[in-house]
1. Going through Gly96, Gly78 one at a time, which residue ends up being at pLDDT 75 or above, under 15 Å from Ser150 (Cβ atoms) and buried (at least 21 other Cβ atoms within 10 Å of the Cβ)?
2. Could you check segment 218-240 and list, in sequence order, the residues that are of a type in the set (A, V, I, L, M, F, W, C) and out of contact with any helix residue (DSSP H, G or I) (no Cβ under 9 Å at 6 or more places or on another chain)?
3. Any chance segment 233-241 includes a residue that's touching a residue at least 24 places away in the same chain (Cβ under 8 Å), touching a Phe, Trp or Tyr at 6+ places or on another chain (Cβ under 8 Å) and surrounded by 12 or more Cβ atoms within 10 Å (Cβ to Cβ)?
4. Which residue is surrounded by the most Cβ atoms within 10 Å (Cβ to Cβ), if the candidates are limited to segment 8-53 and must be outside any helix (DSSP H, G or I) and among the aliphatic types (A, V, I, L, M)?
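The values are calculated or read from the model by the stated rules, or taken from the named source; none is laboratory data. Since the structure is predicted, the reported quantities are computational estimates derived from the model, not experimental observations. Cβ placement follows ideal geometry from the backbone for every residue including glycine, while neighbour counts extend to all protein chains displayed.
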Amino acid sequence: MRYFVYHFQVFLLIMIRLNAMFVIAPFFSSDVIPFRMKILLCFFTTLVIFPVVASQGYRLPGNMAEYSILILREVGIGLYLGFLVAVVFSAFQLAGQFFAVQIGFGINEVLDPLGQVSVPLLGQLKNLIGILVFLAINGHHMMIRAIYRSYDLAPVFQLSVSSSGSLARYLMHSFSGMFVVALKIALPVVVTAFLVTISLGILAKVAPQMNIMMFGFPFQIVVSFGILILATPLIVRVMHVALERTFTFVTRVLVHWPI
C-alpha cells in the first residue's frame, strides 16, 4: 500500500492514458458497455501495467502546472492511439455510404451506438460486421497490448512539442488508408449499380414505352443486394486485412515515436 501511495501520481497518469483510449477506441467506446464496467476495466488494467511502468524509473515535475501538462499529454496519446484504430471503422461506414447512395438507400439512416451519429443502414451493417471481425481477431486484446507497449516505446515523460509534425504525418497516412479500404469494400456493389444504371438508361432509349423508373429501382436493389451477399466473404477478408494492417501501423508508429 505504501508503494502504491508513493507512486500514485504515476498510477493516475497511466489510468488517464488508458481511459482516454477507451473513450474513442472501437468496441470500448460503445454505449452498450455500462460506464461502471469501463471504469472497472480501466482500473484493473492500470493495476497490471502500473508496477512495470513505475519500476522503469521516472521524473515527475515539482509543481501542479507542469503536472497538468503531463495529464494533457497522456490524454493526447490515448486519444491518438484510439483514433488510429477508429479511423478504419469510419472506412467501413464510408463504404456503406458509397453504395447506399447508388442503390437508393442513402435516405435510410439509423443511430450508430458506437459513434452516436446517424449513418446509413448499410453503413451500420458494415460497421457491425467490422466489430465482429475486430473481436474475432482479438482486436480488443491488441488495443490493450498497444497501450501497454506505448509506455516502453512512447514514454510520455519524454514527449516534446516538436514531435507534432511526425504525429500529424502518421494521422494523414491513416486518413488516406481509410478511403482506400472504403473503396475496396464498396467497389463490387458500386460497379454493379453503375452498370445496372447504364443498362437501364440504354433500355429507356431503346424502349421508351417502358416505365423504367418503376421497373429499374427494385431491379437495381435486388441485383445490388445479390452482389453484396456474394461479395460478403471478400468484404470480411478485406476488413480482416485492414484491421491487421492497422494494428501493424499502430506498432510502427510507436516504434518510430518522435521523442
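1. After applying the criteria, what remains is Gly78.
2. Residues satisfying the conditions are Ile221, Val222, Ile229.
3. Looking for residues that are touching a residue at least 24 places away in the same chain (Cβ under 8 Å), touching a Phe, Trp or Tyr at 6+ places or on another chain (Cβ under 8 Å) and surrounded by 12 or more Cβ atoms within 10 Å (Cβ to Cβ), one finds at least one in segment 233-241, hence yes.
4. Looking at residues that are outside any helix (DSSP H, G or I) and among the aliphatic types (A, V, I, L, M), I get Ala25.
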